[in-house]
Amino acid sequence: MRNWKFWLGVAVSLVFITIALLQIKDWGAFLRSFQAADLRFVLLMIAGYFLVFALRTLRWQYILWSVARPRLSSTFVALVICYMGNNIFPLRAGEVLRVVVLNRRHQIPVSSGLATVVVERLADVFTMLLFLGLLFLTLQFPPQYQVVLGALKKGGALAIVSTIALILFLYGLYIGSGWVERMVARVLRILPDRGQARFQEILKSFVQGLHILGRPTRLLNLFLLSAVIWLANLLPVYFVGLAFHWHLSFFGSLLLLFLGAVAASLPAAPGFWGTFHFLTAQGLAFLGLGPQETALSYAIVLHAG
């Protein structure tokens, strides 16, 4: 069962899809909610996603400058393939695909490309956790959610400590690369000379991809750009709400965006089917928006974007 993780994800998705569908009491109302949606705001949702994609392309290009200067069009195509791959293959394999694409087009070492992806994802997680803290400080959670809130706070605290620790580790790897290479060389003496040279080459390429960590101004710009991207991500969430005649608040949109990120982190089928729809519908219920039929329709339209 080499693909047990894939089938586990499929099983989890089926469970969440089943739970979401069982909550529909009126299938007629469910279908009518699609018909009642304002397509103008659905088009604005698509425009919002294009804006997010453009910003993500610029951000990755900014990180890649420490390694190479690929064409912006190549970076864009690589990201398109990445997101397509994440929706088709398990374990977010699209992240590797985008690095391979740049390697084929511009001979950027795969290990350097992977390092830039790691930096990008760390910036995403760190920014998301800051917004999550703002969300916890602002939203009033009813008593029945206090247990969940406590668990989320503990998980968020652990995540932010882990993220900072990993950033510091990678920074230490970057500034102490010479010492690390010497230590690794001692460990690799058991390998043939060719194997040692290859591993050292991979390590050097990876460290090169961490170059932005050694530039405080560029690192600050990276986090600011990441914050802009997360704010831009709120646009599709808000526009789909308008399509279903809901005026979501800033923090309500932020809650739904966070739940979508949680859904993407859970084991599920490629594209996080089921987990996204269930958690989004639950988030709308928490915000007092419904009925359930319309909430699930909202989740389907937002996910389709």
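Nothing in this text is a laboratory measurement; each read-out follows from the coordinates by a stated rule. From a predicted model like this one, the values you see are computed outputs, not experimental measurements. Backbone-built Cβ (ideal geometry, glycine too); neighbour counts: all protein chains shown.
Laid out as a table, the results:
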quantity: For segment 51-95: rounded, prolate or oblate by the Cα gyration tensor [a/c cutoff 1.5]; calculated: prolate
quantity: On Cα atoms only, tilt of 72-88 relative to the major axis of the chain in degrees; calculated: 60
quantity: Within a Gaussian network of the chain (alpha carbon springs, distance under 10 Å), most fluctuating of 124, 38, 26; calculated: 26
quantity: Local electrostatic count at residue 128 - Lys and Arg +1, Asp and Glu -1, tallied over other residues with Cβ under 13 Å; calculated: -1
quantity: Net charge of Cβ neighbours under 11 Å - reference residue 82; Lys, Arg +1; Asp, Glu -1; calculated: +1
quantity: Gaussian network model of the chain, Cα within-10 Å springs - most flexible of 121, 198, 59; calculated: 198
quantity: Helical mean residue ellipticity (222 nm; -39500 (n - 2.57) per DSSP H run of 4+; nearest 500) of the chain; calculated: -27000 deg cm²/dmol
quantity: Net +/- balance of residues flanking residue 146 in space, Cβ distance below 13 Å, scoring K and R +1, D and E -1; calculated: +2
quantity: Rg and Dmax [Cα atoms of the chain; Å; Rg one decimal, Dmax integer]; calculated: 21.5, 70
quantity: Cα long-axis angle, helix 110-138 against the chain (0 to 90 degrees, to the nearest 10); calculated: 40
